1. Test of understanding: among Trp98, Trp63, which residue is hydrophobic (A, V, I, L, M, F, W, C), under 13 Å from Met15 (Cβ atoms) and at pLDDT below 95?
2. Can you tell me which of (1) among the β-branched types (Val, Ile, Thr); (2) modelled with pLDDT of 95 or more; (3) outside any helix (DSSP H, G or I) is the one Val111 doesn't meet?
3. Working only within the stretch 63-107, note down all residues that are among the polar types (S, T, N, Q) and surrounded by 15 or more Cβ atoms within 10 Å (Cβ to Cβ).
4. Might you let me know whether the stretch 77-93 holds any residue that is closer than 16 Å to Tyr12 by Cα, in a helix (DSSP H, G or I) and in contact with a helix residue (DSSP H, G or I) (Cβ under 9 Å, 6 or more places away or on another chain)?
5. Whether any residue in the stretch 25-32 is buried (at least 18 other Cβ atoms within 10 Å of the Cβ), over 19 Å from Arg6 (Cα atoms), of a type outside the set (Asp, Glu) and at pLDDT below 95 is what I want to check.
6. Can you name every residue in the stretch 18-52 that is more than 22 Å from Val72 (Cβ to Cβ) and either outside any helix (DSSP H, G or I) or without any contact (Cβ under 8 Å) to a residue 24 or more places away in the chain (or both)?
7. Hey, does the stretch 87-99 have a residue that's free of Cβ contacts under 8 Å to residues at least 24 places away in the same chain and in contact with a Leu (Cβ under 6 Å, 6 or more places away or on another chain)?
Amino acid sequence: MTGIGRVLVIVYAIMALGATGRSFVQIVERFDEAPVAYTLSALSAVVYIVATLALVFAGRRGWYVVAWVAIVFELVGVLVIGTLSLVMPELFAHPTVWSWFGMGYLFVPLVLPFLGIWWLATHHPAAEAQTPAPAAVAS
């Protein structure tokens, strides 16, 4: 993986670390205050970890599908939780990674799944395996 793909993996890894750290602190210190919100933060952390691993190993059997599932789940999660946090703010008095469409993370959670889907759609491992290598220049 090179270029944009490598940057995508790095951003997913940063989000995984950030969401994991945030959810850990929220659950340890104040879980009784907002169990649903803090559980959603932990769920988003798991999704980012799985998506990171799946993107790294997307060329291996099965991981490409796992990447699709994780990133589509992430997109649905950020859209549903983002919408609910605006329409029913009382449900999200305590912020999650995906509330307000990831505003606490500069909207990276909203943009990232679209980039991930684009990357997966344009870099299918079977299609890349069938692409012939450039012919060696004879000297």
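The values are calculated or read from the model by the stated rules, or taken from the named source; none is laboratory data. Values in this document were obtained by computation on a predicted structure and should not be read as measured data. A quick note on method: Cβ atoms are made from the backbone with ideal geometry, for glycine too, and the neighbour counts reach across all protein chains shown.
1. Among Trp98, Trp63, only Trp98 is hydrophobic (A, V, I, L, M, F, W, C), under 13 Å from Met15 (Cβ atoms) and at pLDDT below 95.
2. Exception for Val111: condition (3).
3. Passing the criteria: Ser85, Thr96, Ser99.
4. yes
5. Scanning the stretch 25-32, I find at least one residue that is buried (at least 18 other Cβ atoms within 10 Å of the Cβ), over 19 Å from Arg6 (Cα atoms), of a type outside the set (Asp, Glu) and at pLDDT below 95, so the answer is yes.
6. Hits for the stretch 18-52 are Gly21, Phe24, Val25, Ile27, Val28, Glu29, Phe31, Asp32, Ala34, Pro35.
7. Looking for residues that are free of Cβ contacts under 8 Å to residues at least 24 places away in the same chain and in contact with a Leu (Cβ under 6 Å, 6 or more places away or on another chain), one finds none in the stretch 87-99, hence no.
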